[in-house]
1. Among the residues of the range A:30-39, is any free of Cβ contacts under 8 Å to residues at least 40 places away in the same chain, surrounded by fewer than 17 Cβ atoms within 10 Å (Cβ to Cβ), more than 12 Å from RNA strand B (Cβ to nearest atom) and assigned by TED's automatic domain parsing to the domain that holds A:Asp138?
2. Suppose we filter the range A:116-154 for residues that are at pLDDT 65 or above and at positive phi; how many remain?
3. Which of the residues spanning the range A:202-238 are hydroxyl-bearing (Ser, Thr, Tyr) and either over 18 Å from A:Lys25 (Cα atoms) or near RNA strand B (Cβ under 6 Å from one of its atoms) (or both)?
4. For A:Arg218, all conditions in the list (1) at pLDDT below 95; (2) exposed (fewer than 14 other Cβ atoms within 10 Å of the Cβ) hold save one; what is the number of the exception?
5. Just one of (1) basic (Lys, Arg); (2) within 23 Å of A:Pro20 (Cβ to Cβ); (3) modelled with pLDDT under 95; (4) not assigned by TED's automatic domain parsing to the domain that holds A:Ile54 trips up A:Lys182, so point out which.
6. What's the total number of residues in the range A:43-65 that are more than 12 Å from RNA strand B (Cβ to nearest atom) and either within 10 Å of the chain's Cα centre (by Cα) or touching a residue at least 12 places away in the same chain (Cβ under 8 Å) (or both)?
7. Identify the single condition in (1) surrounded by fewer than 16 Cβ atoms within 10 Å (Cβ to Cβ); (2) assigned by TED's automatic domain parsing to the domain that holds A:Ser22 that A:Arg160 does not satisfy, given that it satisfies every other one.
8. Hey, can you tell me all the residues within the range A:75-87 that are within 12 Å of RNA strand B (Cβ to nearest atom) and of a type outside the set (Ser, Thr, Tyr)?
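The values are calculated or read from the model by the stated rules, or taken from the named source; none is laboratory data. Since this is a predicted model, take the numbers as computed values, not measurements. Cβ placement follows ideal geometry from the backbone for every residue including glycine, while neighbour counts extend to all protein chains displayed.
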Amino acid sequence: MTQRKKTVKTNKKVIFIVGPTSSGKTDVAIALAREFNGELVSADSRQVYRGLDIGTGKDKSYPHHLIDIKNPGGAMFSLGEFLRRANELLPQIWEKGKVPIVVGGTGLYITALLKGYKLPKKKMGRGRWRKQEKPAFDTLVIALDVPRAVLYQRIDERLRRRMEEGLIAEVEGLIRAGVEAKWLNKLGLEYRYVTNYLAGEYENEEELYNKLRFAIHRYARRQLTWLRHQINGVEWTRGLPCARVKVKQFLH
RNA sequence: GCUGGGGUAGCGAAGUGGUCAAACGCACCUGACUGUAAAUCAGGCGGCUCUGCCUUCGGGGGUUCGAAUCCCUCCCCCAGCA
């Protein structure tokens with residue numbers, strides 16, 4: 001009996017929705033948020049910037065925390081800032097009687113939050129900044145599992161769509177607004193490749209498309225490697241129905 | 001039909017008698033990851049009973065101790081001429 005009491009350590013819970021790019025994280029997260037009274041917290045190192053919409057694939061149809069909180073071109077967002085803000089948000093969400101649902105593809109951010117990393121206020125030398133603490137909440141980590149071939153196909157189709165929606169124009173606009181190419185290059189993927197394209201590095205849009213889609217494939221693979229090895233207790237699911245069941249169990 | 005060029009591993013492309021299972025790039029696969037993480041970096045990538053063996057460089061035949069590399073022939077592609 002007393003044992004049982006111990007296991008019910010807290011009613012503070014956090015749901016994580018992870019997976020490689022194009023695996024459908026956002027859709028699942030939004031559906032879960034609606035159904036289970038959740039609030040979305042983005043764990044995405046690129047969607048934090050305002051104006052980077054098409055290239056980062058923001059879904060503004062539903063409110064997310066930690067999206068559009070930085071201006072592009074300035075200091076880069078960082079793990080430290082993410083942790084600070086996320087750890088501040090969670091209690092606020094619990095207070096409202098809601099469940100935080102952390103969605104995102106930035107594995108390092110997820111791991112750090114999940115493991116309760118605490119970073120010193122100031123940057124210290126590499127290798128000794130971590131002070132790990134047990135997270136003060138229960139977690140459910142749901143990863144979306146999509147067959148590799150399907151994933152690649154989705155990535156390709158999505159990229160094509162984004163290019164039609166004005167991906168290149170978006171980057172041109174940022175550059176015109178004064179964002180440096182160097183800064184865009186550091187972001188990688190869409191912003192890096194389109195910037196290169198605008199600098200004349202590729203023959204045509206088709207070459208840009210191909211170079212970029214393969215770079216995204218590689219990125220998706222890296223994300224999967226991270227999920228497989230750097231996060232414990234990941235529950236792989238094939239989609240919303242399965243995720244819903246796990247969430248229902250978790251919340252009870 | 002003639003002439004010239006060409007057919008090399010999933011694709012592109014080196015190699016032109018031995019040190020070639022075959023450079024390199026791409027795709028693909030795997031892994032690392034401690035304050036830029038959509039970043040950065042590493043390995044693999046014909047097959048196997050894997051410190052060696054087997055089957056590969058359009059097909060077949062030949063020369064040679066030895067061929068992806070030389071010769072003959074056949075098939076296919078491209079360019080120019082008919």
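1. Applying the first criterion (free of Cβ contacts under 8 Å to residues at least 40 places away in the same chain) to the range A:30-39 yields A:30, A:34.
Okay, now just the ones that are also surrounded by fewer than 17 Cβ atoms within 10 Å (Cβ to Cβ), so A:34.
Among the residues that remain, those that are also more than 12 Å from RNA strand B (Cβ to nearest atom) are: A:34.
Next, only the ones that are assigned by TED's automatic domain parsing to the domain that holds A:Asp138 stay: A:34.
Within the range A:30-39, one or more residues are free of Cβ contacts under 8 Å to residues at least 40 places away in the same chain, surrounded by fewer than 17 Cβ atoms within 10 Å (Cβ to Cβ), more than 12 Å from RNA strand B (Cβ to nearest atom) and assigned by TED's automatic domain parsing to the domain that holds A:Asp138.
2. Selection size over the range A:116-154: 1.
3. Once the filter is applied, which keeps residues that are hydroxyl-bearing (Ser, Thr, Tyr) and either over 18 Å from A:Lys25 (Cα atoms) or near RNA strand B (Cβ under 6 Å from one of its atoms) (or both), the range A:202-238 yields A:Tyr202, A:Tyr209, A:Tyr219, A:Thr225.
4. Answer for A:Arg218: the failing condition is (1).
5. Against the list (1) basic (Lys, Arg); (2) within 23 Å of A:Pro20 (Cβ to Cβ); (3) modelled with pLDDT under 95; (4) not assigned by TED's automatic domain parsing to the domain that holds A:Ile54, A:Lys182 comes up short only on (2).
6. Step one: filter the range A:43-65 for residues more than 12 Å from RNA strand B (Cβ to nearest atom), giving A:50-51, A:60-65.
With either within 10 Å of the chain's Cα centre (by Cα) or touching a residue at least 12 places away in the same chain (Cβ under 8 Å) (or both) added as a condition, the list becomes A:50-51, A:61-65.
Residues meeting the conditions: 7.
7. (2)
8. Scanning the range A:75-87 gives A:Ala75, A:Met76, A:Phe77, A:Leu79, A:Gly80, A:Glu81, A:Phe82, A:Leu83, A:Arg84, A:Arg85.
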